[in-house]
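To start, the structure under review is shown below, and the notes come after it.
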Amino acid sequence: MASINHDAIGVQTPDVQRAENLTIVQGMKNNNQRNYGQRVDPAAIPEIARRLRLLRKAVADNITQLSIQTGITRSAWSNYENGLSRIGVDAAMKLRIYGATLDWIYFGDEEFLRAGLRERIKAEAEKEAAEEPGSKRA
């Protein structure tokens with residue numbers, strides 16, 4: 001009985017299929033490190049993280065309190081604040097309870113922030129700047 005050349009007729013054996021799947025997964029891991037995805041500018045992650053840190057300091061005593069109020073886990077919030085992952089839209093929408101907008105979270109646009117929140121965030125930013133090493137206020 002003659003053997004069939006599977007490559008010639010386009011049939012993939014299970015071993016070939018597994019190898020191709022592994023290659024695809026490895027490529028995804030290499031191209032999608034730290035949850036950035038293709039549509040997110042990695043340069044924006046630190047600024048988003050900074051705004052989230054300022055928001056948390058302005059509205060909650062600690063991450064645990066914010067977590068209880070929003071339903072965002074402490075570990076997820078910590079990752080957002082530290083720039084290890086970008087906050088998704090669903091989680092960002094939960095921050096509306098404080099008056100934060102998606103435009104502010106993702107782009108820094110303060111136009112539609114609640115006035116009281118805007119002032120508290122600015123105060124936190126000033127405190128943070130004063131605490132930085134080499135600051136004239138420190």
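Could you please give the count of residues in the stretch 103-122 that are modelled with pLDDT under 95 and among the aliphatic types (A, V, I, L, M)?
2
If we scan the stretch 41-60, do we find a residue that is touching a Ser or Thr at 6+ places or on another chain (Cβ under 7 Å), surrounded by 13 or more Cβ atoms within 10 Å (Cβ to Cβ) and assigned to a helix (DSSP H, G or I)?
Among the residues of the stretch 41-60, not one is touching a Ser or Thr at 6+ places or on another chain (Cβ under 7 Å), surrounded by 13 or more Cβ atoms within 10 Å (Cβ to Cβ) and assigned to a helix (DSSP H, G or I), which makes the answer no.
Give the residue, chosen from Ser75, Ser85, that is over 21 Å from Glu131 (Cβ atoms), modelled with pLDDT of 95 or more and of a type in the set (Ser, Thr, Tyr). It would help to see each step written out before you state the result.
Numbers: Ser85 fails: modelled with pLDDT of 95 or more.
That would be Ser75, the only listed residue that is over 21 Å from Glu131 (Cβ atoms), modelled with pLDDT of 95 or more and of a type in the set (Ser, Thr, Tyr).
Kindly indicate whether Glu81 is of a type in the set (Asp, Glu), under 24 Å from Pro42 (Cα atoms) and buried (at least 18 other Cβ atoms within 10 Å of the Cβ).
Yes, satisfied.
Only one residue in Asp90, Asp103 is closer than 19 Å to Pro46 by Cα, part of a helix (DSSP H, G or I), free of Cβ contacts under 8 Å to residues at least 12 places away in the same chain and within 19 Å of the chain's Cα centre (by Cα). Which one?
Asp103
Go through the residues of the stretch 108-117 one by one and say whether even a single one is touching a residue at least 40 places away in the same chain (Cβ under 8 Å) and surrounded by fewer than 17 Cβ atoms within 10 Å (Cβ to Cβ).
The answer is yes; a qualifying residue exists.
Have a look at Gly83, Gly116 and point out the one that is small (Gly, Ala, Ser) and either assigned to a loop (DSSP other than H, G, I, E, B) or within 19 Å of the chain's Cα centre (by Cα) (or both).
Going through Gly83, Gly116 in turn, the sole match is Gly83.
Under 8 Å by Cβ, and 6 or more places apart or on different chains, what pairs join a residue from the stretch 51-74 that is among the polar types (S, T, N, Q) with one that is outside any helix (DSSP H, G or I) and surrounded by fewer than 18 Cβ atoms within 10 Å (Cβ to Cβ)?
Ser67/Thr73; Gln69/Ala60
The values are calculated or read from the model by the stated rules, or taken from the named source; none is laboratory data. Since we're looking at a predicted model, the values are computed, not measured. Counting neighbours? That spans all protein chains shown, and the Cβs are built from the backbone with ideal geometry, glycine included.
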